[in-house]
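To start, the structure itself, in structure tokens.
Read-outs: derived from the displayed coordinates by stated rules, not from any lab. Here the structure is a predicted model, which means the values were calculated and not measured. Positions of Cβ are generated from backbone atoms using ideal geometry, with glycine treated the same way; all protein chains shown enter the neighbour counts.
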Amino acid sequence: VKNLCLLSPDQIELGKMLVEMGQSHLFQQWTDPGVEDNKKKAFFAQVAKLNSSYPGGLASYIKNARELLADSKVGRNPYDGFTPSVPTGEVLSFGDDNFIKYEEAGVKEAQNAAFVLVAGGLGERLGYNGIKVALLAEATTGTCFLQLYIESILALQEGSCRLTQGTFQKDIPFVIMTSDDTHTRTLEVLESNSYFGMKPTQVKLLKQEKVACLDDNDARLALDPHNKYQIQTKPHGHGDVHSLLYSSGLLKVWLYAGLRWVLFFQDTNGLLFKAIPASLGVSATKQYQVNSLAVQRKAKEAMGGITRLTHSDGRSVVINVEYNQLDPLLRAAGHPDGDANCETGYSPFPGNINQLILELGPYIEELTKTGGAIKEFVNPKYKDASKTSFKSSTRLECMMQDYPKTLPPTARVGFTVMDKWLAYAPVKNNPEDASKVPKGNPYHSATSGEMAIYRANSLILIKAGVQVEGPVQQVFNGQEVEVWPRITWKPKWGLTFSEIKIKVRQSCSVSQRSTMVLKGRDIFLEDLSLDGALIINCIDGAEVKVGGSIQNKGWLLERINYKDTSSPEELRIRGFKINKLEQLEQTYSEPGKFILKPQC
Ligand code: GDU
């Protein structure tokens, strides 16, 4: 009370709200006015921020926390009353007629889409010192994830305009959700690379704030043990993306601009954009309000399972059930083996890769009802079975894939299952943990993420008619992986299978030890036999036919150990560097038609 004289009317209101919400302990150790006044002001600045960044403010946060903590104390299962079953959705097979049809529909729709990357996570499991989006997707061209994503969006933008014969190319908006851990560094990467060719006005960064930690079941806010004027905070999770988009006003801007789709994706999946055209095509064709991308999932794999939940009262919803909850849910529903593989060798529940496509209109309507908030959960670590105190403070969390939980049963919620080799190879685990992954399960490391890109590109070219020699097995950082030829291309060379097929003519072959880098749009492979390294750079407007027999010493993968600090971290983390012995590299920087046909 003595400190009231220091406060503005807004701060007095916030103080009253805290006291009314049972948070008087926050002020108990306050000194008299005149002592530590700056720290008290900083306290209120923090409270104001916590209040404004949560839908409904801190009072709602405390109220929600009390409810969720009470449920957790009595062991109430959020899935009580629900029976899980395997849902039906659209299952696509790369390169068949259906897939090609959806890809075409998706590229046409892309000009009505906005992309949202959630990149606020620190990537603790990966243990990489930089931000995850700046990590190399592959070392052959040294392209980082952010560059790959931006170039893919630009390729879609261009492809969409071409396919619809538009005279005016619409800029596809790109939002990146950052956090205090990633914001400055994300901006630095963008600015120091001229936004990788995207207009800076096309890119918006939205920073998520942390939420207050909770000390007990009454949701008393936790003070920092080293600063009695600061509330402890922790990340709230990727679900923040919905409230941030809503409160930023961007969704309405997009709606007025005629956009129809919002596509959400995660920080390190180098394959994702190979799956986007077809899945967007599914959303548009099936008129899905929510479309989750999924792949085959190994039982117990660290990815949520897409599940149909049917309530005893008749309600039914198709939703992601997080991997740690799927097993107990299945056991409770009378499946004694829980989360187990079926005769296909995979779990019958498709794995959620957290790529969501939402229809903008219904999305805005729903967020207007909820104020941008989505279902949260709490995961306190209790000291003992009485569940009266915590080992350390906890907080509410939320996940972006829980968005459909509040939708009415009439909402059109679907999913699209893609070939895993085409759509999903995230980089989440450090080399040490990855090397301990049981054989047959995915490593999800920088090594496996990179090898998956070469594998997917090789398989796509095989499907397009190229003879690509099969892989050899090699061990990097204790992980045995398939090493295919190192084939990479810029997204504008081929974002869809139809486009790629047009660019591969007659009989072409690539040996396993080869490297092929196609950096340009109009590069056509005709009767090419490659055994070595070939790099083609060409500007738009230059059309290059590449054929003949190309043989040289090529580029070798040279093993390095992740503990060997003499190599840069981004190479150590994948367990190899590229030794560029010899290559044929050609650059076409003038418009025109060119032929490259060396004979060895
Ligand atoms: N992220 C944020 N803010 C946060 C936490 C995470 O933006 O507060 C971002 C990360 O940067 C990343 C994404 O959210 O881009 C996902 O984070 P994780 O990679 O740590 O996610 P998990 O592995 O825990 O799991 C998520 C889903 C799973 C499954 C899996 C697939 O919750 O259901 O789909 O991704 O990769």
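Structure data summary
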item	result
Label-point separation in nm, Glu191 to Glu13, each point 7 Å along Cα→Cβ	3.4
Helical contribution to [θ] at 222 nm, DSSP H n ≥ 4, -39,500 (n - 2.57), averaged over the chain, rounded to 500	-9000 deg cm²/dmol
Principal axis dimensions, largest first and in whole angstrom, of region 236-320 by Cα	41, 39, 34
Potential lengthening between Asn561 and Gln512 on full extension [0.36 nm per residue; Cα-Cα distance subtracted]	15.3 nm
Positive dipole terminus of the chain, leading residue within Leu528, Ser435, Thr285 (C-beta point charges)	Ser435
Where labels lie 7 Å past Cα in the beta-carbon direction, separation of Lys228 and Val475 in nm	5.8
Loop trypsin sites (Lys or Arg not before Pro), region 515-557 (other Cβ atoms within 10 Å of the site Cβ: 15 or fewer; DSSP)	Lys553
Other-chain or far-sequence residues with amide H under 5 Å of Val468's (modelled H)	Val510
Amide proton proximity set for Trp489, modelled H, under 5 Å, gap of 5+	Leu518
Isotropic mean projected area of the C-alpha convex hull, the chain (nm²)	30.2
Pairs from Lys210/Lys492; Lys369/Lys492; Lys210/Lys420; Lys132/Lys436 whose Cα-Cα separation, in the structure shown, is over 31 Å	Lys210/Lys492; Lys369/Lys492; Lys210/Lys420
Cβ-Cβ FRET estimate between Asp313 and Gln586, R0 fixed at 56 Å, reported to 0.05	0.25
